[in-house]
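**Q** Pasting a structure below so you can have a look.
The values are calculated or read from the model by the stated rules, or taken from the named source; none is laboratory data. Everything quoted here is computed from the prediction, not taken from an experiment. All Cβ positions, even for glycine, are placed from backbone atoms using ideal geometry, and neighbour counts span all protein chains on display. Surface areas here come from the heavy atoms of the whole protein model, side chains and all, with no ligands, DNA or RNA. Shrake-Rupley method; radii C 1.70, N 1.55, O 1.52, S 1.80 Å.
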Amino acid sequence: MKKVIFFLVFIIILFAGVAFLSNMQKEKAVEGNMYKKDNLKPETIELLDDPNYQNIILPSELEEKLKTEEDVTVYFFSSDCMYCKQTTLELMPLAEELNVSIDQYNLWEFEEGWDKYNIESTPTIVQYKNGEEVSRINGYREPAVFKQWLEEYSVTK
């Protein structure tokens, strides 16, 4: 009986150690992140070092740009959306090529954006001029469609 109790205690300590180390790794990964949040969802943590997801805009920053009537192109995406991941791989290099700045708003982390900006699905790209929406494009599209839309509606850097 003592061996069984010892074995159970050992297993519990082992699991506690693994959980502790896993939590430490997660905390280290999100430390000083661009989202300025302590708790990020795992799908977002996976994107932190991805070069295609480095132009994150926080809700307060977007609100300020719209309030001051800046022209801004916003890419609303969700970290867990497979269509967003495909779109991002094509859209961000295209934006770089066209010298267009696209701010990325992560709806997976900032869920209030769904209602506030009338987003029905991801990915969605919205162009604001003078703080007002002038155009949007929803869903995954072929790169040529994104290129035409960016050339027509977006402001270059």
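**Q** Which entries in the list K67/K116; K85/K147; K41/K67; K36/K116; K41/K116 go over 24 Å, if you measure between the two C-alpha atoms of each?
**A** Over 24 Å Cα-Cα: K41/K67.
**Q** Pull out the extension gain between D80 and E120, defined as 0.36 nm times the separation in residues minus the alpha carbon to alpha carbon distance; nm, one decimal.
**A** Answer, rounded to one decimal: 12.9 nm.
**Q** Would you pull out the residues with amide H under 5 Å of I56's amide H, same chain only if 5 or more places away, H placed 1.01 Å from N?
**A** For I56, the qualifying residues are Q104.
**Q** Could I ask something else about it? Candidates (1) 43, 35, 32; (2) 44, 41, 27; (3) 76, 32, 26; which is the computed Cα extents along the principal axes in Å?
**A** Of the listed options (1) 43, 35, 32; (2) 44, 41, 27; (3) 76, 32, 26, (3) comes from this structure.
**Q** Give the residue list of trypsin sites (Lys or Arg not before Pro) in the range 113-150 that are DSSP loop and have at most 10 other beta-carbon atoms within 10 angstrom.
**A** none
**Q** Hey, what number do you get for the chain at 222 nm if only DSSP H runs of n ≥ 4 count, each worth -39500 (n - 2.57), divided across all residues, to the nearest 500?
**A** Taking each H run of at least 4 residues, the total per residue is -15000 deg cm²/dmol.
**Q** Starting from the Cα-Cα distance between E63 and K41, subtract it from 0.36 nm times their residue separation and give me the gain in nm to one decimal.
**A** The span from E63 to K41 would gain 5.6 nm if fully extended.
**Q** Sticking with this structure for a sec: In the chain, which longest range has no GluC sites (Glu not before Pro) that are both DSSP loop (not H, G, I, E or B) and surrounded by at most 15 other Cβ atoms within 10 Å?
**A** 71-110
**Q** May I ask what percent, to the nearest 5, of DSSP beta bridges between residues of the range 45-153 are antiparallel?
**A** 70 percent
**Q** Let me ask something else. State the percentage of accessible surface on the chain attributable to carbon and sulfur atoms; use a 1.4 Å probe and exclude ligands, DNA and RNA.
**A** 56 percent
**Q** Then there's this: Ignoring ligands, DNA and RNA, what accessible area per residue does the range 45-153 give at 1.4 Å, in Å²?
**A** Accessible surface, normalised per residue, equals 51 Å².
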